[in-house]
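The values are calculated or read from the model by the stated rules, or taken from the named source; none is laboratory data. The shown structure was predicted, so the numbers you read here are calculated from the model rather than taken from an experiment. Ideal geometry is used to build each Cβ from the backbone, glycine not excepted, and the neighbour counts take in all protein chains shown. Note: areas computed on protein heavy atoms with side chains; ligands, DNA, RNA excluded. Shrake-Rupley method; radii C 1.70, N 1.55, O 1.52, S 1.80 Å.
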Amino acid sequence: ADALKLRNPNLDIEVYTEFISTNNINNILEGKDTNSMFGILSGDDDTAVSISSKYFLTNNVPFVNIGYLNDIAVISPFVINSNDETMAQLHKQYASPSSIINNSLACDLALSDIIQYFAGNNDSIKSLNARVGINSNSFEKYVLPNTKDPNCSICGGTLDD
């Protein structure tokens with residue numbers, strides 16, 4: 001938030017550090033204009049990611065998840081609207097201990113895509129409908145395309161193809 005505000009002091013950024021639950025997400029975001037909202041998810045808890053993803057998908061809020069898988073910094077799928085593919089099933093498959101190197105790298109990768117989004121360059125978003133990772137040891141790049149799961153508890157069978 002601080003780095004983004006340095007670039008544009010007119011941004012209205014709110015940071016929430018409390019754990020998300022089904023009980024508090026609506027209270028936290030109650031009365032917010034979802035048309036001007038953008039979600040950045042960063043957490044190790046698949047429940048929090050699932051709750052947040054469901055809220056953002058239901059309310060048509062663009063968002064991206066930032067994380068890591070062992071030595072790989074990961075950003076995955078950048079979702080612009082509910083007509084895009086969901087990533088909920090992918091997120092719940094991965095959890096690893098935190099690493100400052102991977103967290104920093106993942107944040108930098110996500111910030112690059114976020115800047116492209118706000119600049120209107122959606123075709124330049126590298127994690128759009130994909131999970132993207134960079135191995136912090138070898139700098140090898142991984143791209144896992146996101147596919148729609150018809151059995152997804154969040155959007156299965158409800159999104160347009």
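Over the stretch 1-49, with every protein chain in place, what whole percent of the accessible area is carbon and sulfur at 1.4 Å, could you tell me? Before the final figure, lay out each step's value.
Details: 1750 of 3840 Å².
Exposed carbon and sulfur together represent 45 percent of the surface.
Centroid-to-centroid, using Cα positions, the stretch 39-68 and the stretch 10-24 are 11 Å apart.
For the peptides 16-23, 129-136, the ranking by mean Cβ contacts within 10 Å, running from highest to lowest, is 129-136, 16-23.
Note that the stretch 1-69 presents 65 Å² accessible area per residue, ligands and nucleic acids not counted, probe 1.4 Å.
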